[in-house]
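Let me begin by presenting the structure, written as C-alpha cells, before commenting on it.
Any read-out appearing in this document is the output of simple, stated calculations on the displayed coordinates, not a laboratory observation. Note that this is a predicted model, so its numbers are computed, not measured. With ideal geometry, Cβ positions are generated from the backbone for all residues, glycine too; neighbour counts draw on all protein chains shown.
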C-alpha cells in the first residue's frame, strides 16, 4: 500500500456518500481489470455510484471493484489505488489530483507553469490542478474556453 492510498480512499468514499463520482485512472497499470478495448488507455474515466445496478461497488484497501455497463454490456472492473490519479465528485464538483501517479504522457511542463501546478495535454485540458493559494482572480473569472452547445434536455408535454 502506498502513502496516498488512505487519502484516495477517503476522497472517493466522501464523493460517493454525496452521489456519483468519477475516477481517472491509467488502465495500463498492473492489476487493472477493464474491458479489452480500454486496457491501453492512459486516461480512462469511470463513473461510480452506490445507486448503479447491480449494487456491488466495493472500496477497500487494495482498490475498488464494481460491475459497470460498457456499451450495454456488464463488466466487473478492478482498479488498484496505484492506477488512480484523480477523483471527481459530480455532486460537489470537487476534484482531487494525485500528480505523482499520473501517466507521464499526460503531464507537460510549459514555461508559464508555476511550481505546484500541473497542466494536461489539450485532449484532457478540462483537468487542471490549481491550488487555492496560487489561483489568481484572472483564473477564477475567466469564462469557459469552449462554447456551450444546445441543452440536451427538452420539454415534453
Fill in the blank from the handout: Output row, site residue 76, 7 Å Cα→C-beta label point, backbone N cut-off 20 Å, window region 1-35, residues 30-35
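In whole percent, what relative contact order does region 1-112 give with Cα contacts below 8 Å and a gap of six or more residues? Show your work: numbers first, answer last.
Working: 201 pairs, mean separation 34.1, N = 112.
Taking the mean separation of contacting Cα pairs over the length of region 1-112, I get 30 percent.
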Completion exercise
Between residue 100 and residue 65, Cβ-based FRET efficiency (R0 35 Å, step 0.05) works out to 0.90
